[in-house]
Amino acid sequence: MSDAHAPLTGVLERLGELTGCPGRLSEVLDVADLSYRTGIPAGVVAELLAGKAAPEAGLAERVRQRLDFIRENRRRPDGKRYSLGELAAIAGTSRQWLSEWRKSGLPSLEHTDRLRRFFGLPAGFFTADEPEALQEALQPVLQSLEARADPLSRLRESGLVRLAARAPQMNARQLATLADLAEMLITAEGAVN
């Protein structure tokens, strides 16, 4: 991968360490879910997880691919596909313009943002290249695995460990406050994982 995609390379290396499966991340990560969240075809996600390069796609082609991906993979509450007319209404445009976008791959930012927000997609969903989109989608996975590997890291990062080192100098009220803070952090961490 190029230097422009070094952040993904770093994340993949760290995930390989944490999972014990370097180079085989597609065996331990949910490729289908990563594909669904990024708009990247599952086969390309698997290749990227293996450290291979993604096919280069220009911006217009990426936007077109992601729009088609939404149409194929996001469903209405009744389980059916959204029609072009429904997607156009969500985007705030006409069916004809949406059809034109599918050909040109160049919708307005306002319309793509409406689609992105409606479907709860991350910022940059339509424009991020594959390595960038995957790197962003892997962040919660990485954070979760790191928290499991080092459960005290959140306490250290919050400065709570430094405060605990001062416990001998604290009065009973201060110790109770410190214990409450630790409990709050542990409870919040449990809710995140």
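The values are calculated or read from the model by the stated rules, or taken from the named source; none is laboratory data. The model shown is predicted, which means the values in this text are computed figures rather than measured ones. Glycine also receives a Cβ, built like all others from the backbone with ideal geometry; neighbour counts cover every protein chain displayed.
Quick notes on this structure:
- The set of residues in the range 32-49 that are assigned to a helix (DSSP H, G or I) and surrounded by fewer than 17 Cβ atoms within 10 Å (Cβ to Cβ) comprises Ala32, Asp33, Tyr36, Ala42, Gly43.
- Qualifying residues in the range 8-28 (those that are closer than 20 Å to Ala54 by Cβ and among the polar types (S, T, N, Q)) - the one surrounded by the most Cβ atoms within 10 Å (Cβ to Cβ): Ser26
- Pair list, Cβ under 7 Å, 6 or more apart: the range 10-28 residue on the phi > 0 side of the Ramachandran plot, other residue of a type in the set (A, V, I, L, M) and in a loop (DSSP other than H, G, I, E, B): Gly23/Ala50
- When Phe126 is tested against (1) modelled with pLDDT of 80 or more; (2) out of contact with any Gly (no Cβ under 9 Å at 6 or more places or on another chain); (3) at negative phi, just one condition goes unmet, and that condition is (2).
- Asp78 being at pLDDT 90 or above and exposed (fewer than 13 other Cβ atoms within 10 Å of the Cβ): yes
- Condition check for Gln96 on (1) free of Cβ contacts under 8 Å to residues at least 12 places away in the same chain; (2) of a type outside the set (Ser, Thr, Tyr); (3) touching a helix residue (DSSP H, G or I) at 6+ places or on another chain (Cβ under 7 Å): one failure, at (3).
- Within the range 133-152, the set of residues being in a helix (DSSP H, G or I) and over 18 Å from Ile40 (Cα atoms) comprises Leu142, Gln143, Ser144, Leu145, Glu146, Ala147, Arg148, Ala149.
- The set of residues from the range 71-93 being outside any helix (DSSP H, G or I), without any contact (Cβ under 8 Å) to a residue 24 or more places away in the chain and either among the basic types (Lys, Arg) or touching a strand residue (DSSP E or B) at 6+ places or on another chain (Cβ under 9 Å) (or both) comprises Arg75, Arg76, Lys80, Arg81, Tyr82.
- Residue check: Asp68 meets all listed conditions (1) crowded, with 19+ Cβ neighbours inside 10 Å; (2) in a helix (DSSP H, G or I) but one, namely (1).
- Residues of the range 50-62 that are in a helix (DSSP H, G or I) and either more than 21 Å from Leu138 (Cα to Cα) or at pLDDT 95 or above (or both): Leu59, Ala60, Glu61.
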